[in-house]
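Since every read-out is calculated from the coordinates, none of them should be taken as a lab result. Note that this is a predicted model, so its numbers are computed, not measured. Here Cβ is always computed from backbone atoms with ideal geometry, including for glycine, and neighbour counts include all displayed protein chains.
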Amino acid sequence: MKKKDLGKKGENIAAKLLQRQGYKILEKNFNSRFGEIDIVAQEDDTLIFVEVKTRWSQQYGRPEEAITPRKLRSIEKTGQFFRLTNKGLPEAERIDVVAIEMDDDGKVIRKELIKNAE
């Protein structure tokens, strides 16, 4: 499976997981000059920027281990821009991570929602 296809599949799995958890998906793949946010969602009165990491091997560690402080800063800056372009959003916000691991056949062997990934 190509990296781009794996990422897209992971984002779709993550969106379904988030919806089952009561999140409302506002936007997928929000891009700005500051970076990209995989999923922008809302849970109750909190705006959530979601980073999705999907892996089919632990050769480079668990998916959530790939989220660096630099990546978190990029999400924060991109989130600020999202706020500027979308009015009426809740004031509270956080960054969540959805970590997904798949086997060689593309079957999900682990999916985990990690709230407040800072």
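A few remarks follow.
- Residues that are part of a loop (DSSP other than H, G, I, E, B) and surrounded by 14 or more Cβ atoms within 10 Å (Cβ to Cβ), drawn from region 65-78: ILE67
- Residue in region 73-82 that is among the basic types (Lys, Arg), touching a residue at least 24 places away in the same chain (Cβ under 8 Å) and closer than 16 Å to LYS115 by Cα present: no
Conditions (1) under 17 Å from ASN31 (Cα atoms); (2) buried (at least 16 other Cβ atoms within 10 Å of the Cβ), marked per residue:
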residue	(1), (2)
GLN80	yes, no
ASN86	yes, no
VAL97	no, yes
ILE109	no, no
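- On inspection, LYS16 does not qualify as touching a Pro at 6+ places or on another chain (Cβ under 9 Å) and of a type in the set (Lys, Arg).
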